[in-house]
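Report on the structure given below.
The values are calculated or read from the model by the stated rules, or taken from the named source; none is laboratory data. Note that this is a predicted model, so its numbers are computed, not measured. Quick reminder, even Gly has a Cβ in these numbers, built from the backbone with ideal geometry, and neighbours come from all protein chains shown.
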Amino acid sequence: MSKPRAPRAKSVKAKKRKTPKEKQPTFVLELPLVANPHESRVLAVRFEAGRQLYNAVLGEALRRLGLMKQSRAWQAARKMPKGTPGSPEQKARAAGFSLVSKTIGFTDYDLQAYATQCKNACWIGDHAGESGVRCGASCEGRAVARQLWHSCQRQSGSFSKRCRSGGRFRML
């Protein structure tokens, strides 16, 4: 019979640094698309519709970003102390930026609504689906938000990990 073990005392282990994994070789297989002339024409029209819609929404997002940066509320929020994560100062600052982005219309929802308006206002609506429009608008919004984050990096000299979150727009 085995003896019952006595409970172990909890010890504090030193954190081990993870070693980077060795890169495995990757292979890419490219297969040519076999399409008849009609299918090629349909694909070309859809790609052109997507390109024009992407550029329209990207231009609008950049315009709204410029309006946000010019607003007095934005400047006031930038002057607020950053504080530590979770502190009242940090929450107040984030609320200030959030208010500005909602007022100007620089939210994911607003950009998707603009993309849908653009799609329905011209010939693009005949060639682009709604889900693709929404996904594209979110992608453009993240691209403009990344531009904002990189401008913060140039101004402050440091680029924190908080800036790299996808999905939501975080204004620093």
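For the residues LYS91, LYS119, the requirement of being of a type outside the set (Asp, Glu), without any contact (Cβ under 8 Å) to a residue 60 or more places away in the chain and touching a Gly at 6+ places or on another chain (Cβ under 9 Å) singles out LYS91.
Here THR103 meets the list (1) of a type outside the set (Lys, Arg); (2) touching a residue at least 12 places away in the same chain (Cβ under 8 Å); (3) surrounded by 16 or more Cβ atoms within 10 Å (Cβ to Cβ) almost entirely, failing just condition (3). Filtered by the rule that a residue be in a helix (DSSP H, G or I), under 21 Å from ALA143 (Cβ atoms) and touching a Ser or Thr at 6+ places or on another chain (Cβ under 8 Å), region 77-126 gives VAL100, SER101, ILE104, ASP108, LEU111, GLN112.
Condition check ((1) of a type in the set (D, E, K, R); (2) in contact (Cβ under 8 Å) with a residue 60 or more places away in the chain) across all residues:
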| residue | (1), (2) |
| --- | --- |
| PRO20 | no, no |
| PHE27 | no, no |
| GLU30 | yes, no |
| LEU33 | no, no |
| PRO37 | no, no |
| ALA49 | no, yes |
| LEU53 | no, yes |
| VAL57 | no, yes |
| LEU62 | no, yes |
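Could you tell me whether any residue of region 107-117 is within 25 Å of ALA56 (Cα to Cα), more than 20 Å from the chain's Cα centre (by Cα) and at pLDDT below 90? Within region 107-117 (the criterion being within 25 Å of ALA56 (Cα to Cα), more than 20 Å from the chain's Cα centre (by Cα) and at pLDDT below 90), the answer is yes, since at least one residue qualifies.
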